[in-house]
1. By how many nm would the segment from residue A:14 to residue A:165 lengthen if fully extended, with 0.36 nm per residue of separation less the alpha-carbon distance?
2. Could you list which residues have their amide H under 5 Å from that of residue B:114, counting only those 5 or more apart in sequence or on another chain, with H placed in the peptide plane?
3. Length gain on complete extension for the stretch residue A:210 to residue A:233, per 0.36 nm per residue less the alpha carbon to alpha carbon distance?
4. Equivalent ellipsoid semi-axes for segment B:193-334, as square roots of 5 times the alpha carbon gyration tensor eigenvalues: give them largest first, rounded to whole Å.
5. Can you tell me which of B:262-274, A:203-215, B:210-222 comes out highest on packing, and rank the rest after it, using the mean Cβ neighbours within 10 Å?
6. Please work out whether segment B:105-190 counts as rounded, prolate or oblate from its C-alpha gyration tensor, where a ≥ b ≥ c are the square roots of the eigenvalues and a/c under 1.5 means rounded, while otherwise a/b larger than b/c means prolate and anything else oblate?
7. Using only the Cα atoms, work out Rg/Rh for segment A:52-137, with Rh taken as the Kirkwood radius, to two decimals.
8. Filter chain A for me: DSSP H helices, axial length by Cα at least 18 angstrom, mean Kyte-Doolittle hydropathy not below 0.5. List them by residue number.
Amino acid sequence: MKIIACIKQVPDSEAKVKAEGGQVSWGDAPLVINPFDEYAVEGALQMKEAHSGSVTALCIGPESAKEALKHALAMGADEAVLVSDPALDNLDTVGAAKVLAAAIQKIGGADMVIFGRQTLDNGAGLTPAQTARVLGLPMLGLAGSIKVEGSAVTVERVIEEGRQIMKANLPVVLSVVQSIGEPRYPSFMGIRKASKATIPVWSLGDIGASAPAPIVTRTELMNPPVQDATIEMITGETPAEIAEKLADKIIAEKVL
Amino acid sequence: MKTFVYIDHFKGEVQPSSWEALGLAKSFGTAVALVFGTGVDDVAKMAVEYGADEVLVADDPSLTDYRAEVYASTLAALASSQSPNLILFPTTARTREMAAMAAIDLNTGVLTDISGLEANGDSFVATRPIYEGKVIEKTVCSGKPVMATIRGRAFPKPERAEGKSGTITKVAATGEAKSTVEGYGASEGAVNLGDAAVIVSGGRGVSNNPSLTPPAGMDEKQAEVWRAQQGFALVTELAQLLGGAVGASRAAVDGGYIPYAHQVGQTGKVVAPDLYIAAGISGAIQHLVGMRNAKLIVAINKDADAPIFKQARYGVVGDLFAILPALTEAMKKKLGK
């Protein structure tokens, strides 16, 4: 089975991200593989282990995004490809989907294209379904488990109301959620292999795509309003006394 | 100005923020509600009662179970023929997908999880959180129609005028589904954190009650989960009394104490209830970004140095196994329940 895991590089979630001079700044915090995408790589590796085949990690980003791809290689991906082009600086999700679709075709297609549910930076969670639409493939979104029998893929999709069991025929595009299983740690051998790997870098010309004009653009960037940080500790001799006081406070706030 | 409002429902149960989207649409002009599925007449009637100027109903066997492809095609076909300026959705697993796909068909964009929307000529400026809510952006969409999914409880819910009658028009379903729905898992009950006005959440601390003796024959992990479930029973009791939902930290979900659908935080659901009570949650940044927009935050934790207290308005340093039941009792009495 040929599997492509789509990943992105984002600032670490511990980073102190703020708006500064109209730009997003994260200081000297490290850039890492998008945490949700680690689940995509994990899901891809599980599929490879169950059905043999290969896993290719695919990323759009600057040269530095090779580090995120190296993480995927260290986890066990067989190959990695970076799509990098100065014309991709202001990419929106529709643009990303078109570029990913072109890169997937250049790779030669896949039986499964796996995404994380969303990225930590933009967080829109649109790219997986948009890529499926551009490729004309079935979308199995928010999969918590994946089972393949012959050419049929069955997933348990995690939705607000519980689980929806969906079935489609390969090739498919999937997004996965945490229930797929904790992402494995890179092995020592994996890290060595990744550090030596040469990651091909494709330009838009290489994948036969033109620069997509962004449809969605940012006009302003703000820091969230600073919250009132005064805390009032509720104390008392007994739990009942504390609870009594706390209940009065909550009721006085008129939030119920 | 004409706005389509997609009324998201699961087996006829409407996502309440669909009505908030309808109210927002009305503030810009004409609101046309879209209802897809089979046997959805009641949903269409409700849309009229909540203020829709017209309801378009696609009632077709291909729409019985949600499948992104056919829902997106039906939406895109309606948008192509009726040219709305704006399409609004509540933000759910379903709407993110169908909006994403329809945007490809219509060559436009989707502004997700927005907490503000202003008309600007014949276009719109949306406010939405990015980087897990650490930064807020204003964003525009140059395509037409502008598509946006709204954050639950960010816009006022319109009044319902029961018995009101209005125009309900049948429309055709378009497109082909690329998947089949084999069934639904009942393992997880309905958890609607995004719409909940009150959320009571439990963390790792809910398993930390050494005075409980687990049934014989359990190994250490089973005993831990069993203890946690006793803890979550206390969380649930308070949540139910207050008409709220049960949330959880990632630690509690990873520990196997409670299903993922309850997870609040960066890798779960970002919530903004009126009241958020955190019990036995230390307050990792992943959790804080998911709940810090709650109007009132109350934290109960054994550890006085827990970061959750930096976010809370009221704090109790103490044992949740003593405080939670006492709080439930006190609330029962004071609320006359």
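Every read-out reported here was derived from the displayed coordinates using simple, explicitly stated rules and does not represent laboratory data. All values derive from a computational prediction rather than experimental measurement. Here the Cβ is made from the backbone with ideal geometry for all residues, glycine too, and neighbour counts use every protein chain on show.
1. Details: separation 151, 0.36 × 151 = 54.36 nm, distance 3.46 nm.
So the extension gain works out to 50.9 nm.
2. Amide H neighbours of residue B:114: B:149, B:150, B:151.
3. Working: separation 23, 0.36 × 23 = 8.28 nm, distance 5.90 nm.
Length gained between residue A:210 and residue A:233: 2.4 nm.
4. On the way: eigenvalues 97, 57, 41 Å².
They are 22, 17, 14 Å, listed from largest to smallest.
5. Going by the mean number of other Cβ atoms within 10 Å, highest first, we get B:262-274, A:203-215, B:210-222.
6. Details: a/c = 1.37, a/b = 1.25, b/c = 1.10.
Rounded is the answer for segment B:105-190, as its axis ratio a/c remains below 1.5.
7. Numbers: Rg = 12.6 Å, Rh = 13.5 Å.
So for segment A:52-137, dividing Rg by the Kirkwood Rh gives 0.93.
8. Working: long enough: A:35-51 (25 Å, -0.58); A:93-107 (21 Å, 1.19); A:239-252 (19 Å, 0.33).
Helices meeting the span and hydropathy rule in chain A are A:93-107.
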